[in-house]
């Protein structure tokens, strides 16, 4: 089975994908939009993208694409993110003057970089930064990426677990082409809805869940780019569309909302427990 992800070899998305599914062929693409294009065209069997991080919150582009595209989420997975400082073979931590990485990774490691006087340098992703450092072999230059990248690109691990917040976890969703009408029953459901422009419209929609005693595990709003200052609301809830309570709530929500899409239904993913001391 071929599964698309955003990034190159060694990306956290690829590592999370392999940890979740094991014996699959990961297929990397530069952009999230290309991941969804490949799934919708049938070039790959499915996709796997991050949707939220425990530190920085939702991954907006991927949530928007899950809403807009003709796909259905079938699984969720949580993956611990442990940033490492990777340098040339033979380099020491005190030799490093600059560290390349994705802006989010650099922000998550800011305390470590400040403590060691290392200048952050923006690159398009973590694994890409490791590949660049390995190719350039520039004195004093390192990358912030996964430990796995060190083996892939022939770099040395100069420091491990260097993020400021110890428990850094990203949630991923796996998805496939289609509307999910033939999907097996799930334990958790993701959906998105828009409301009518009238007082109390959002409350009118949300009370459907409360009246049917449905537990919401996530609620957030996202702007609609095509319609300035309009918003769509993303919800995760415990239960599947086949459950009597969820089914009744969705019938009522369809009548109350301006638009509703079931993004997916899937088993509840196991959250990792990772408490370690940050790198020094």
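Only the coordinates and a few stated rules stand behind these numbers; no lab work does. For clarity, every value in this text was computed on a predicted model and none was experimentally measured. FYI the Cβ positions are ideal-geometry reconstructions off the backbone, even for glycines, and counts take in every protein chain you see.
How much length is gained on full extension from residue 25 to residue 270, taking 0.36 nm per residue of separation minus their Cα-Cα distance?
The span from residue 25 to residue 270 would gain 85.9 nm if fully extended.
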**Report entry** Estimated FRET transfer efficiency (residue 203, residue 33; beta-carbon r; R0 41 Å; 0.05)
**Finding:** 0.75
Requested in this report: For each of 102, 197, 116, 83, count neighbouring Cβ atoms within 10 Å of the residue's Cβ, then give the residues from fewest to most.
Outcome: 197, 116, 102, 83
Query raised in the report: For 43, 220, what's the fewest-to-most ordering of other Cβ within 10 Å of each Cβ?
Result: 43, 220
Report task. Compute the label zone of residue 115 within segment 131-160: residues whose backbone N is under 20 Å from the point 7 Å along Cα-to-Cβ. Result -> 142-147, 157-160
Query raised in the report: Computed over the Cα atoms of the chain, what is the ratio Rg over Rh, Rh following Kirkwood?
Result: 1.03
Query raised in the report: At 222 nm, what helix-only mean residue ellipticity would the chain give, in deg cm²/dmol to the nearest 500, using -39500 (n - 2.57) for each DSSP H run of four or more?
Result: -8500 deg cm²/dmol
Query raised in the report: By how many nm would the segment from residue 94 to residue 41 grow when fully extended, if each residue of separation counts as 0.36 nm and the alpha-carbon distance is taken off?
Result: 14.2 nm
**Report entry** Extension gain, residue 157 back to residue 215 (0.36 nm per residue minus Cα-Cα distance, nm)
**Finding:** 16.6 nm
**Report entry** Long-range Cα-Cα pairs in segment 84-159 (distance over 20 Å), rounded percent
**Finding:** 14 percent
Query raised in the report: So how do 231, 266 line up by other beta-carbon neighbours within 10 Å, fewest first?
Result: 231, 266
Query - Within segment 205-232: backbone nitrogen closer than 14 Å to the residue 258 label point (7 Å, Cα to C-beta) - result: 205, 222-232
Query raised in the report: In whole percent, what relative contact order does the chain give with Cα contacts below 8 Å and a gap of six or more residues?
Result: 23 percent
